[in-house]
């Protein structure tokens with residue numbers, strides 16, 4: 001059955017280390033990465049669109065051309081005069097990543113400023129994806145505008161998917177961060193947290209505690225990612241299900257591990273409705289991604305859908 005997936009957030013210019021002192025330019029960002037992998041694994045009768053804002057500068061134009069080339073739609077992307085895309089650099093050490101960011105004039109911070117545009121895009125979609133980073137870059141009033149529209153979508157029966165993706169450096173106040181992440185979860189019908197984030201910032205003792213907390217916020221479909229320890233699923237009234245991680249020969253770059261899992265999971269789950277099978281496939285996709293450099297791994301290197 002055909003459908004429409006909309007992912008909302010910030011795509012940034014990505015600089016990654018190449019040979020010598022050279023840098024390689026790309027484009028990535030958590031919700032765009034998810035859109036990329038969802039597009040890769042969804043059948044052709046599904047559309048995948050990205051909602052953000054970019055500038056009117058040359059780099060913004062190049063970013064739009066890149067997004068279109070991946071097959072992700074750009075019709076929901078607004079262009080804002082006087083703004084530009086954010087930029088980040090990946091630093092790798094033994095496969096683990098750290099980042100430096102430059103995003104003070106990021107156009108994506110205005111993605112919810114046109115409320116009518118936002119509502120129309122959400123109303124026209126079947127699956128809507130957003131993250132804690134989406135919320136973190138917005139002013140409080142803009143974050144509330146977005147959450148209000150997502151609550152409407154959830155009430156209308158749409159699938160609203162939230163990855164908390166907690167990045168404390170993006171938030172000015174810890175309590176506001178925790179409160180806003182919780183508000184994001186209340187707006188969602190499916191939450192896909194990473195356990196290490198939840199333990200570090202919410203103090204969850206174990207995966208069961210993470211599931212119980214999100215259940216308490218009114219979320220009844222939960223996928224808890226726990227890196228090499230696997231994934232735990234809590235869907236409706238069904239018993240908890242555990243899906244092991246896939247084998248990895250050598251970790252090269254963990255960038256986009258969770259994003260690729262999310263995109264692959266949503267693609268498979270949208271087609272057959274089986275969360276366990278979707279998680280198994282997504283684990284295989286994420287294991288492939290972390291054995292290559294960069295956030296977006298080419299289709300020919302990924303498992304077939």
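Structure notes:
- Being part of a helix (DSSP H, G or I), more than 30 Å from residue 44 (Cβ to Cβ), modelled with pLDDT of 95 or more and out of contact with any strand residue (DSSP E or B) (no Cβ under 8 Å at 6 or more places or on another chain) is a description that applies to residue 197.
- So residue 241, is it at pLDDT 90 or above and surrounded by fewer than 22 Cβ atoms within 10 Å (Cβ to Cβ): yes
- Checked against the criterion of being touching a helix residue (DSSP H, G or I) at 6+ places or on another chain (Cβ under 7 Å) and surrounded by fewer than 24 Cβ atoms within 10 Å (Cβ to Cβ), region 257-264 contains one or more residues that satisfy it.
- Selection of region 200-223 for residues being in a helix (DSSP H, G or I) and either in contact (Cβ under 8 Å) with a residue 60 or more places away in the chain or under 17 Å from residue 151 (Cα atoms) (or both) yields 214, 215, 216.
- Residue selected from region 150-170 under the condition in a strand (DSSP E or B) and under 19 Å from residue 202 (Cβ atoms), by the criterion nearest to the chain's Cα centre (by Cα): 163
- Taking the numbered list (1) surrounded by fewer than 23 Cβ atoms within 10 Å (Cβ to Cβ); (2) under 30 Å from residue 177 (Cβ atoms) in turn, residue 301 passes all entries but (2).
- Subset tally (residues that are closer than 26 Å to residue 270 by Cα and either touching a helix residue (DSSP H, G or I) at 6+ places or on another chain (Cβ under 9 Å) or in a helix (DSSP H, G or I) (or both)) for region 113-149: 22
- When residue 87 is tested against (1) surrounded by 16 or more Cβ atoms within 10 Å (Cβ to Cβ); (2) out of contact with any helix residue (DSSP H, G or I) (no Cβ under 8 Å at 6 or more places or on another chain); (3) within 21 Å of residue 158 (Cα to Cα); (4) in contact (Cβ under 8 Å) with a residue 60 or more places away in the chain, just one condition goes unmet, and that condition is (3).
- Subset of region 63-80 [free of Cβ contacts under 8 Å to residues at least 24 places away in the same chain and touching a strand residue (DSSP E or B) at 6+ places or on another chain (Cβ under 8 Å)]: 64
- Whichever residue in region 190-199 is within 9 Å of residue 224 (Cα to Cα) and free of Cβ contacts under 8 Å to residues at least 40 places away in the same chain and, among such residues, is surrounded by the most Cβ atoms within 10 Å (Cβ to Cβ): 193
- Selection of region 4-31 for residues being without any contact (Cβ under 8 Å) to a residue 40 or more places away in the chain and outside any strand (DSSP E or B) yields 18, 19, 20, 21, 22.
- Of all residues in region 238-260, those that are in contact with a strand residue (DSSP E or B) (Cβ under 6 Å, 6 or more places away or on another chain) and either closer than 12 Å to residue 192 by Cβ or part of a helix (DSSP H, G or I) (or both) total 1.
The values are calculated or read from the model by the stated rules, or taken from the named source; none is laboratory data. In this text the structure is predicted, and so the values were computed from the model without any measurement. In this analysis, Cβ positions are derived from the backbone assuming ideal geometry, glycine residues included, and neighbour counts consider all displayed protein chains.
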